[in-house]
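Notes to accompany the following structure.
The values are calculated or read from the model by the stated rules, or taken from the named source; none is laboratory data. Just so it is clear, the structure is predicted and the values come from calculations on it, not from any experiment. Here the Cβ is made from the backbone with ideal geometry for all residues, glycine too, and neighbour counts use every protein chain on show.
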Amino acid sequence: MAMKQIIPFILIAGIVAAAVFFLRDDYEETFQPDHRSEASDSYWTAILYANEDEEDYEVGIRLEHNEETITPDEIEAVEVYVDSSNFSIYYEESDMDNFEGTIDYSEVCTRCSGLPQLDARVFVSWQTAEENRSSQYQLSLMLNE
């Protein structure tokens with residue numbers, strides 16, 4: 001008799017667990033860095049950003065593709081180089097199977113603390129099946145705002 005009373009609760013718990021598992025929403029955090037500077041052309045929007053860490057800055061580059069000129073499926077490889085007098089970043093990706101159109105890469109900059117401003121050049125090269133292309137951006141990031 002006790003088992004007949006427990007079975008409905010087990011079934012309800014199983015249905016609720018299955019619904020929670022299959023209906024969950026993969027929450028993606030919005031991109032809101034502490035400091036940012038951006039430039040764009042017909043292919044990419046390049047965002048140089050910095051987040052304040054305890055003593056240093058985490059400096060990164062975010063590239064968002066322009067849907068009108070590039071589709072993520074076309075890109076086979078991408079290479080990004082950020083050059084500044086205080087830091088440099090190099091990022092390369094040749095496995096673009098799961099590429100959704102945004103590249104976001106950052107590193108800790110130990111030489112950036114105490115600086116009022118970061119000036120950087122960003123070089124982006126990418127390969128499609130037909131050709132190799134490149135873009136260049138000049139960005140200035142104010143750190144004391």
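Kindly indicate the residue of the stretch 59-90 that is touching a Pro at 6+ places or on another chain (Cβ under 9 Å) and in contact (Cβ under 8 Å) with a residue 40 or more places away in the chain and also farthest from GLU130 (Cα to Cα) among those meeting that condition. Please lay out each step first, then the result.
So in the stretch 59-90, the residues touching a Pro at 6+ places or on another chain (Cβ under 9 Å) come out as 60, 62, 65.
Next, only the ones that are in contact (Cβ under 8 Å) with a residue 40 or more places away in the chain stay: 60, 62.
Details: GLY60: 30, ARG62: 25 Å.
Restricting to residues being touching a Pro at 6+ places or on another chain (Cβ under 9 Å) and in contact (Cβ under 8 Å) with a residue 40 or more places away in the chain, the top hit is GLY60.
Looking at the stretch 91-103, is at least one residue surrounded by fewer than 15 Cβ atoms within 10 Å (Cβ to Cβ), touching a residue at least 24 places away in the same chain (Cβ under 8 Å) and of a type in the set (D, E, K, R)?
Within the stretch 91-103, one or more residues are surrounded by fewer than 15 Cβ atoms within 10 Å (Cβ to Cβ), touching a residue at least 24 places away in the same chain (Cβ under 8 Å) and of a type in the set (D, E, K, R).
So in the stretch 97-145, with the set limited to residues that are within 17 Å of the chain's Cα centre (by Cα) and among the aromatic types (Phe, Trp, Tyr), which one is farthest from SER42 (Cα to Cα)?
Filtering the stretch 97-145 for residues that are within 17 Å of the chain's Cα centre (by Cα) and among the aromatic types (Phe, Trp, Tyr), the one farthest from SER42 (Cα to Cα) comes out as TYR105.
Scanning the stretch 16-42 for residues that are of a type in the set (Val, Ile, Thr) and loosely packed, with under 10 Cβ neighbours inside 10 Å, which turns out modelled with the lowest pLDDT?
Narrowing the stretch 16-42 to residues of a type in the set (Val, Ile, Thr): 16, 20, 30.
Keeping just the survivors that are loosely packed, with under 10 Cβ neighbours inside 10 Å gives 20, 30.
Numbers: VAL20: 83, THR30: 80.
The extreme case among them is THR30.
Answer yes or no as to whether ASP104 is among the charged types (D, E, K, R), touching a strand residue (DSSP E or B) at 6+ places or on another chain (Cβ under 6 Å), under 21 Å from PHE31 (Cβ atoms) and modelled with pLDDT under 90.
Values: among the charged types (D, E, K, R): yes; touching a strand residue (DSSP E or B) at 6+ places or on another chain (Cβ under 6 Å): yes; under 21 Å from PHE31 (Cβ atoms): yes; modelled with pLDDT under 90: no.
Taking the combined requirement at face value, the residue does not satisfy it.
Which one of the conditions (1) at pLDDT 90 or above; (2) farther than 17 Å from MET142 by Cβ does SER84 fail to meet, given that it meets all the rest?
Every condition holds for SER84 apart from (2).
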